[in-house]
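Since the structure comes first, as structure tokens, the remarks are kept for the end.
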Amino acid sequence: NKDFAEFFLPRTPDEVLSGGGGHTTFSKAVPSSLFKTHPEYFSLLDGKRTLFDGGHQCYQYCISNPEVQQKVADYILSSIEKYGTGKASYLFGMADTSVGWCECPECRKLDKSEKYNYLNVTNRFHTIVQKIAEKVYAKCPDARLYVWAYHTYREIPKDVKIDPRMEVQYCIHGRCYGHKLDDPECLRNAKQYSLLKDWLKLSPTIYSYEYFTCTPPLYVPHERTQAHDLKLYKKLGMTGYKEEASFPDSKLIGN
């Protein structure tokens, strides 16, 4: 209604959804239709290039491939050109699966570890994200770029410098909402809190991506924990807080 619009719209971000980013970072720029002509763009698994379905219809990529990197950069720049620098934003992420990562020598080299751990591809991911971002910033220094610290790429990457213009979304799934984040008696939260503080040393612009909806809401009253954690985030110097939520009476506002 009118009152809702007058209050909330001035307080909402002026960005538009560019149609890319997040879990579709690579798939939007490098569609699976290219597999027939360019199988080298996709994961090498057991010595064979393949389209890998991780259960979410998610295809994996050879992100060390320079042409893949350039295609993603070009896709981002095309979105910026279409919507304008002040409107278009792009969020770097990977397909929402834990397996199917490329095993080619160049991708494995980016992992910076002798032993392959499919649950930790943080070094290869963040290294390549910064390379792609460098291409974008070279042509559009004011581009709004974001990156996830998420699941299999949430550990602190080695020898990677996060561009200070890029905001990091720390995806805090796995924490316990029954306790305050800085409660030392909660082992689950103690691990998350320690990792979050390490990210704050790496990047000055961190905000949390919360997943309270992953916890059955009847599990525990959340308001006191949330109020405490918001004050904690401010004390830590974080730039914001984001929560996934479902509102049954909500209406989407079109661009």
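The values are calculated or read from the model by the stated rules, or taken from the named source; none is laboratory data. Nothing here was measured: the structure is a model prediction, and the numbers come from that model. Neighbour counts are summed over all protein chains in view; Cβ atoms, including those assigned to glycine, are modelled from backbone coordinates with ideal geometry. Areas reflect the complete protein model, heavy atoms only, side chains present, ligands, DNA and RNA absent. Shrake-Rupley method; radii C 1.70, N 1.55, O 1.52, S 1.80 Å.
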Ignoring ligands and nucleic acids, what accessible area does Lys197 show with a 1.4 Å probe (Å², nearest 10)?
80 Å²
With all protein chains modelled, accessible area of Asp142 [1.4 Å, Å²]
120 Å²
Using DSSP to call loops (not H, G, I, E or B), can you name the GluC sites (Glu not before Pro) in region 81-128 whose Cβ has at most 13 other Cβ atoms within 10 angstrom?
Glu114
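Largest first, what is the accessible-area ranking of Phe212, Phe7, Phe125 with a 1.4 Å probe? Before the final figure, lay out each step's value.
On the way: Phe212 35, Phe7 100, Phe125 0 Å².
From most exposed to least exposed: Phe7, Phe212, Phe125.
How about region 166-210: which GluC sites (Glu not before Pro) there are in a DSSP loop, with at most 12 other Cβ atoms within 10 Å of their Cβ?
Values: sites: Glu167, Glu185, Glu210; in loops: Glu185.
Passing sites in region 166-210 are Glu185.
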Could you derive backbone 3J(HN,Hα) for region 73-80 from the dihedral phi with the Karplus parameters 6.51, -1.76 and 1.60 (θ = phi - 60°), listing whole Hz in sequence and x where the residue is Gly or Pro?
4, 5, 5, 4, 5, 5, 5, 4
Roll a 1.4 Å probe over the protein heavy atoms and report the accessible area of Thr213 in Å², nearest 10.
70 Å²
Check Cys176: other-chain or 5+ apart residues with amide H under 5 Å from its amide H, H built from backbone geometry?
Asn189
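Hey, any idea what % of region 75-194's accessible area is carbon plus sulfur with a 1.4 Å probe?
Numbers: 2880 of 5700 Å².
Result for region 75-194: 51 percent of the exposed heavy-atom area is carbon or sulfur.
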